[in-house]
Structure formats: structure tokens, C-alpha cells
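Visitor: Quick one: the structure is below, and I'll ask about it shortly.
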Amino acid sequence: METTTSPKGMTRRQLLSRATAAGATFVVGAGFIAAPDAAWAVEMKALSPETFATLTQMARDIYPHDKVADEYYATAVQMYDTNEGAEGIEAGIAGLNEAAREAGFDSYLGTLWEADRVKILRSMEDTDFFQQIRSGLVTGLYNQKAIWPIFGYEGESYSQGGYINRGFDDINWL
Amino acid sequence: MAAPFDLNDDSVVVIIGTGAGGGTLGNELAQKGISVVALEAGGRYLPQDFINDEWDSFGQLAWTDTRTTSGEWRVSRDFKNLPAWIVKAVGGTTTHWAGASLRFQDHEWKARTTYGDVAGANLMDWPIDPREIDSFYTRAEEKMRVTRTGGRPGLPGNNNYKVFEAGAKAIGKMEVSTGHMAINSDETGDRMMCQQTGFCFQGCKWGAKWSTAYTEVPEGEATGNMEVRERAHVARILHDASGKVTGVEYFDKDGNLQMQKARIVCVAGNSFESPRLLLNSASSMFPDGLANSSGQVGRNYMRHVTGSVYGIFDKPVKMWRGTTMAGIMQDEAGHNPERGFVGGYELETLSLGLPFMAAFMDPGSWGREFTTALDSYENMAGMWIVGEDMPQESNRVTLNMDVKDQHGLPVANVNFSDHPNDIAMRDHAFKTGMAMYEALGATRVLPTPPYPSTHNLGTNRMSANAADGVVDKNGKAHDVPNLFISDGSQFTTGAAENPTLTIVALAIRQAEHIAAEMSRGNI
Ligand SMILES: Cc1cc2nc3c(=O)[nH]c(=O)nc-3n(C[C@H](O)[C@H](O)[C@H](O)COP(=O)(O)OP(=O)(O)OC[C@H]3O[C@@H](n4cnc5c(N)ncnc54)[C@H](O)[C@@H]3O)c2cc1C
Ligand code: SF4
């Protein structure tokens, strides 16, 4: 993943001294978001870090895989962090926060239970914004080779001679 | 004269498309000493170029020029500009295909007679008798080295097949095997043996699977009688005042319009592009499109009754390992109207990699219902339905005058809605497939909607009478003496079998006919 080096390598303490927490999983600083343990960080080009953190949470809520770390969701939504697209994304996330407030929460990230966030998303699933994010994730998330092993998928096999000698018929429970 | 041929050489047979139909026809004619210019819209990719990666391969090979869709099929909602998943490359869709190679059952050549009058269906008998095609099927099987024919062994079953076979037997099905595949099961012949790499849909990097890209096309070229022009997109077929075709206009690789003269033109661009080309070739003499006096060009589009069933188990399957279409269950292939529908269906194993599974399992859906299924990807087994669908006049390819391709040509719009018979058959097939997995203790089964079409048939149908269809029993246009259709668009009805073996058998047969007529001086 294209993480930046600047916030990486900071100690958790250094990181937290420059940032505020956003939701349960992210810290947001000037121009970046990072994992609370500083294991990974993404630098923003055009989106505000708060928007990016919200978008990352939205991505997880659309395609939640408990074994897939935030890092991969952040990578998946990086495609929306462009100068041309930023305005539309900021507006879409503002709409998402508005829907959260209407549902009685502070913001989307301030909506603590997944079930409540999913209700908010369901209420806007026919919008172009939601569909843009969802359809982009189909490749943005699942085409990241780094997550394939989490699902057991082995990817390319030609260079290893296929599976003819590597278990194409090794099922043992039938 | 030897290849390459001059643009003004009007002795050549021009073939449009180099897939199953066009690639085979070109080689067959070239072997007989006939000069062939094959024009192919796509580029040339060989086993060393193929990519073991679903989306990268899609980007390399798939036809992604714009098409539009309408009708009630779900593809029109989920993939509105991708009605079909087919290929634009030398070799056409035989680069992507899985290799299942089945003969029609005898009664399927006579669907109207066998099934009777089905309301809303435009059923017709093929003007071909089953015994007329037998020897061409045998020649096709030899050419393609189909397993379990000609003494060739079957392929070994992979994990996905073993689950499939056990499930079929558990519910009392008998006709289950690793099928008839155009994939080498031994080291004889000049293609390698299948190495069970599991990327059959992405182009076989070992060349074990038959594809015209590295069999028919180079064999034809080696005779010196066949020239393949890549990245040559045919825009229009031209004719003279007598109504005979005289050549074609095409955009070359640099986007320049060229004109190739021809003695005969054979159209093999798959079932969207072939009718689109005839419609785009309308003239004052043929105002409704070339060869369209019947009004049937573009109509009766068939795509097979399809759908998939994925079963999730409490233990690993690893279905992606090995041959993608590794086996078949044929107990339901016959015509047995007591099931509530006419015609039959086959069930065949299928697997998708994780990226395509995410895209195609239930397009548009999201949330935990969707993701928990993918979480069990490693424990999934998969199968695909292929059954006979009903030809309907309103299921058709038309020109969309509002949308143009990169050459400024109106694109094809594909309108499709299921016939009630199709729905009843799919339902039955879903239940059979689900029962197979449930009998083995599947913890969850997923009846998955049809993908963008891979089998495209019928849009220039074959008919005994000129009023009922576009081409005669040899694939010659009823209206034009030197124009042929050489791909799956000729199909009168679709049968329950994967179509390619039949496309190839018809192409071999058509080559015999063209050669005989040429030597008699009739064309
Ligand atoms: C994933 C997948 C799996 C499949 N598995 C099987 C299987 O197991 N068994 C089976 O029987 N079938 C299978 N099929 C179907 C099979 O591939 C097709 O039926 C067969 O290739 C169709 O042959 P064709 O000659 O009609 O068209 P194609 O093989 O598609 O060839 C058409 C060619 O014409 C070219 N063309 C189109 N328009 C123009 C133009 N205007 N100018 C120049 N060139 C043009 C195209 O670029 C293309 O190369 C599968 C298909 C897919 C996609
Ligand atoms: S599984 Fe066999 S046929 Fe399929 S791509 Fe691999 S080697 Fe080729």
C-alpha cells in the first residue's frame, strides 16, 4: 500500500500528540490518518483527514470483514482522494454526517454501533454517492493482492507450475 | 498469390473475426489452398502474454468497446454497458473459454417439432439433420483434441469436481464425469497437458486448452494462404448493383479507413457484432440492413439459461485449484416436460477467483450477508447452469443511434428478458444444484444470478425458408449469394450444450461448402 513515511516511524506518543482520535480506530492529523499504534498511515492529497477517516469507516461498513485490517480499507478508498473528485466526496460525506445527526448521533464516526451506521447507509443506498463508493470498492478492496491470503485465495499459479503437483485434488473430507 | 494480399485483390475470402467460427473457417479454407484475409478487431496475445490475474486479464483481452442494454434481465441493471463477457483479440473468445465441448442431442436440432408450440417463443427446427453433422463433430473433436472422444482419456477431477461428483451421487444422479473438454489430458499432440493452473478463463498459459489463437490461426498462416490483419475493425460490408458483396471497409490499427476487396465475405464477429455489422451496412438497396429482408437480423438473441450455485462447507475446498470447468452432470439435459419446462440443462463446475467472486456473486449487494459468504471463500464449491433458452423475437440486437463507438459507428443495444420457460428451468436447476451441496452438508448455499453473457447465439438465425431467418443451412445469407455467417449467431435454437463445438463443426462444414461452390464457379 502507498503509505507515507512521515507519520510512520513516529512513536504512538508522538503521533497522538499531533492528532485527534476519529472513531474507534483512527487518529487524524494535519494531512494524514493513521492507526492508533502507528502501524500504518495514509497521507491525504485533497480530502480532509476527517473525511478520509469517515470514508474508510464507510468502506468497512459496506464490506465488513473482521479479519481485514483498516489499512486495506484506507488503501481501497485512496482512489477518491483526487483533486478533481474531492469536492464531490466531501459533499457526500457531509451528507452522511447529516444523515447520522438526523438519526440522533453526533456524526457518522460518532455512531458507535455498526448496526446503526448500516441503517444510515441503507437510507442512502440509492444515492450516486453511495453507489460510487460501493462499486469502486469491488475492485479497490478485493483486487488488493495483499488481502487475498486472508481469504485463502492463492492468486497466480503458473510460475509455480500450476497445481498438478501442488494439491489440485487434495480434498480429504469427502 | 501468397499472403499478404493486396487491398485490391478481389479473389480473396474476407473473414471478419478470428474466434471459434472465423479462426476455424480461415484455417480450413487456407488448407484447401483458398486465399483468406482475416480481419480481427483485437490484437494478438499468445500463452506467454496471458496473465494469471482476473482483472488484469480482463483489461488485456475483453471486449470493452461500448454496448448498451435494455430489457428485464438483471445484467441490464448491474452491468449496463457490459452485456457480454467476451473477447476482442486474435482467437476471439476461445482465449477465455473453459473448453467444455459437447455435441447437441439429436432432438435439439428439431426444437419446434419436439417441444411443440411454446407461447411467446419463436421456435424453429434447424434445417440440418443430426446425422448430417456427425462427421463434422468428429472432425471438430479431433482438431480440438476433446477428452473422452477419439480414445483420449478424461481429465482428472480437482477438488471442486470431487465435491460436485459426491453431491450429484448423493442425490441419485448417474451421469457425472469430468466431461468432454478441449483441454489436453495427455502429452500426445502438439499441445501440452493440462497443468491444473486454474486460470482457464484468463487464457491458458500452457496452451493445453484449444484456442484458435495458437492452433487454427498459425496453422492457416503457415500455409501461406491466410493473412490475419490485427486491430482491423470492420465498419461496413459493401455490395454492387447486383446485390453481391464486393468487399469491406475497416479501420486499421492507426484508425485509418481502408477498403479490402473480396470474392466472398464471411462474418464471424460473435452474436452482437455480426448483426450490428449487417445493420450498419444498410444501403439504398438494403434499407433495413444487409441480408435482412426477413427482418430477423438481430432477433432471437439467446444466451442460455444460466446462473450459478455456490455451496459453503465447514471445511476447505479450494475450488480455484485446477481446471475451471472440471466436470459435468447430465441427468437433467434431456427433454422432460414433466419438470414444468421444455428442453434441458447441464450443470458444470465453475470457480471464480476472489476478485471476480466479489464482483459477480451478487452484484450490488453489500453488508454482512454478502461479506460473510466471501469470508468462507476457501470453503466454497461452485457450479454453473447451462440450459436451453427460448428464442424470442423481442430479445434482439439493434443499433443504438444515440451512442457511437470510437470509430463513430452506432453501438449495439442488447435487449433481453427471460421467457417463463427460462425462469422455470433456472429455478429447477438452482434447486438441483443446491440439493447436491446440501446433501454433503453445505452450511450455506447461494443461488447466484446470471453473469454478463458468455454464450451469445441466434441473432442471424439459420432457416429453411428465406422469410423465417437470415441464412440457409450452409450459413449463406438468403439474400446475398456470396455473404456467409460463420459464428454462433447462425444458431436456430440454442440447445442445452455449450456452443463452441457446434460452432466449430459448422465452420468446418461451411468451408467444405464454400470450397465446392468456388470450384464449381458458383461463387
Ligand atoms: C468465460 C467464458 C467461458 C466459456 N466457456 C465455454 C465452454 O466451456 N464451452 C463452450 O462451448 N463455449 C464456452 N464459451 C463460449 C465461447 O467462447 C463462444 O461460444 C465462442 O468463442 C464464440 O465463437 P464466435 O466465433 O461466435 O465468436 P468469438 O470467439 O467471440 O470471436 C469473434 C471475434 O470477432 C472479432 N470481431 C467482432 N467484431 C468485429 C469487427 N467489426 N471487425 C473485426 N473483428 C471483429 C472479435 O474481436 C472476436 O475476436 C465461453 C465464453 C466465455 C466468455
Ligand atoms: S487448468 Fe489446464 S486448461 Fe486451464 S489454464 Fe490451467 S493448464 Fe490450461
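Visitor: Which distance in Å, rounded to a whole number, links the C-alpha centroids of region A:97-174 and region B:388-431?
Guide: Their Cα centres are 31 Å away from one another.
Visitor: OK, next. Return the lysines within reach of A:Lys67: Cα separation strictly under 21 angstrom, same-chain partners fewer than 8 residues apart disregarded; answer none if there are no such residues.
Guide: A:Lys145, B:Lys315, B:Lys318
Visitor: HN-Hα J couplings of region B:73-86 from phi, Karplus 6.51/-1.76/1.60, θ = phi - 60°, integer Hz, Gly and Pro as x?
Guide: The phi angles translate into 5, 5, 4, 5, 8, 7, 9, 5, 10, 9, x, 9, 9, 9 Hz.
Visitor: Test of the criteria: in region B:152-261, which GluC sites (Glu not before Pro) are in a DSSP loop and have at most 10 other Cβ atoms within 10 angstrom of their Cβ?
Guide: Details: sites: B:Glu165, B:Glu175, B:Glu187, B:Glu216, B:Glu219, B:Glu221, B:Glu227, B:Glu230, B:Glu249; in loops: B:Glu175, B:Glu187, B:Glu230.
Counting only loop positions with at most 10 other Cβ atoms within 10 Å, the GluC sites (Glu not before Pro) in region B:152-261 are B:Glu187.
Visitor: Show that you can apply the helix-only estimate: for chain A, add -39,500 (n - 2.57) for every DSSP H stretch of four or more residues, divide by all residues, and state [θ] at 222 nm to the nearest 500. Could the numbers behind the result be given before it?
Guide: Numbers: 7 runs with 72 residues, N = 174.
After summing the helix terms and dividing by the residues of chain A, the value is -12500 deg cm²/dmol.
Visitor: With springs connecting C-alpha atoms under 10 Å apart, model chain A as a Gaussian network and identify which of A:Asp66, A:Asp106, A:Asp37 has the largest mean-square fluctuation.
Guide: A:Asp66
Visitor: What longest range of chain A stays clear of loop-exposed GluC sites (Glu not before Pro) (DSSP non-H/G/I/E/B, at most 11 other C-beta within 10 angstrom)?
Guide: On the way: sites that count: A:Glu2, A:Glu84.
Between the exposed loop sites, the longest stretch runs A:85-174.
Visitor: So which GluC sites (Glu not before Pro) in region B:29-93 end up in coil per DSSP with only 13 or fewer other C-beta atoms within 10 Å? List each step's numbers first, then the result.
Guide: Values: sites: B:Glu40, B:Glu54, B:Glu72; in loops: B:Glu40, B:Glu72.
Those that pass, being in a loop and sparsely packed, are B:Glu72.
Visitor: Per residue, how much space in cubic angstrom lies within the convex hull of the C-alpha atoms of region A:49-160? Working shown, then result.
Guide: Numbers: hull volume 12.7 nm³, N = 112.
Dividing the Cα hull volume of region A:49-160 by its residue count gives 113 Å³.
Visitor: So, in Å, what gap is there between the alpha-carbon centers of region B:5-37 and region B:312-377?
Guide: The two parts, judged by their Cα centres, are 39 Å apart.
Visitor: Can you list the trypsin sites (Lys or Arg not before Pro) in region A:35-87 that are in a DSSP coil and have 12 or fewer other beta carbons within 10 angstrom?
Guide: Working: sites: A:Lys45, A:Arg60, A:Lys67; in loops: A:Lys45, A:Lys67.
Here the trypsin sites (Lys or Arg not before Pro) that fit, given the DSSP loop and packing criteria, are A:Lys45, A:Lys67.
Visitor: Of B:Lys32/B:Lys143; B:Lys80/B:Lys253; A:Lys119/B:Lys80, which pairs sit farther than 20 Å apart, going by alpha carbon to alpha carbon? Spell out each step's value before the answer.
Guide: On the way: B:Lys32/B:Lys143 16 Å; B:Lys80/B:Lys253 28 Å; A:Lys119/B:Lys80 28 Å.
Table pairs above 20 Å Cα-Cα are B:Lys80/B:Lys253; A:Lys119/B:Lys80.
Visitor: A further question on this structure: Starting from the 7 Å offset along Cα-to-Cβ, what nm value, one decimal, do you get for the label separation of B:Arg368 and B:Glu72?
Guide: It is 3.5 nm.
Visitor: A 21 angstrom limit on the alpha carbon distance is what I want to check against. Which of B:Lys88/B:Lys476; B:Lys244/B:Lys473; B:Lys261/B:Lys476 exceed it? Walk me through the intermediate numbers first.
Guide: Working: B:Lys88/B:Lys476 25 Å; B:Lys244/B:Lys473 19 Å; B:Lys261/B:Lys476 19 Å.
In this structure, B:Lys88/B:Lys476 exceed 21 Å between Cα atoms.
Visitor: Quick one: which residues, 5 or more positions from B:Ser177 or on another chain, have an amide H under 5 Å from its amide H? H modelled 1.01 Å from N in the peptide plane, none for Pro or chain starts.
Guide: Amide H neighbours of B:Ser177, under 5 Å, 5+ apart: B:Ile328.
Visitor: Would you list the membrane-span-like helices of chain B, meaning whole DSSP H runs whose alpha-carbon atoms span at least 18 Å along their axis and whose mean Kyte-Doolittle value is at least -1.0? Mind dumping the intermediate values first?
Guide: Details: long enough: B:130-144 (20 Å, -1.35); B:420-439 (28 Å, -0.47); B:500-519 (28 Å, 0.79).
Qualifying helices: B:420-439, B:500-519.
Visitor: If you average the alpha carbon positions of region B:39-88 and of region B:187-227, how far apart do those two centres end up, in angstrom?
Guide: 20 Å
Visitor: Testing the spin-label approximation: label points 7 Å from Cα along Cα→Cβ at A:Asp126 and B:Met285. State their distance in nm.
Guide: It works out to 5.3 nm between the two label points.
Read-outs: derived from the displayed coordinates by stated rules, not from any lab. Worth saying up front: this structure is predicted, and the values here are computed from it rather than measured. Neighbour counts are summed over all protein chains in view; Cβ atoms, including those assigned to glycine, are modelled from backbone coordinates with ideal geometry.
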